[in-house]
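The values are calculated or read from the model by the stated rules, or taken from the named source; none is laboratory data. Here the structure is a predicted model, which means the values were calculated and not measured. In this analysis, Cβ positions are derived from the backbone assuming ideal geometry, glycine residues included, and neighbour counts consider all displayed protein chains.
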Amino acid sequence: MPTTRPRHLITESDDLARALDDAARRWPEDRHSRAKLLVHLAEEGHRALIAGSQRKRSRRLAAIQSTSGALSGTYGPDYLKQLREDWPE
């Protein structure tokens, strides 16, 4: 099929063959096309990457929010000035 899009050639390893066999059970309507199964796997992998990134971001934001202000009041307004008074000149 003519296309201006890049094409990708990959060799089916044992691991990839197992993944494609599993994909054929997940998408039985495409079980006769390894290429279509590979596209399904790529799309699912992409969704998993995005979901993982979103979960990681949510955990980081939750950590920031849960510790925000934890040290408020620990250092007074003149803290650095007082600290530096002990320094030799």
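Can you find, within the stretch 1-26, the residue that is nearest to E44 (Cα to Cα) among those that are surrounded by 10 or more Cβ atoms within 10 Å (Cβ to Cβ) and among the basic types (K, R)?
Out of the qualifying residues, it is R26.
Please go through the stretch 27-77 and give me each residue that is surrounded by 10 or more Cβ atoms within 10 Å (Cβ to Cβ) and among the acidic types (D, E), ordered by number.
Across the stretch 27-77, the qualifying residues are D30, E43, E44.
Could you check how many residues of the stretch 31-89 are hydrophobic (A, V, I, L, M, F, W, C), farther than 30 Å from L9 by Cβ and modelled with pLDDT of 95 or more?
Total satisfying the criteria: 4.
Out of R84, R31, which single residue is in contact with a Lys or Arg (Cβ under 9 Å, 6 or more places away or on another chain) and of a type outside the set (F, W, Y)?
Just a single option satisfies the conditions, and that option is R31.
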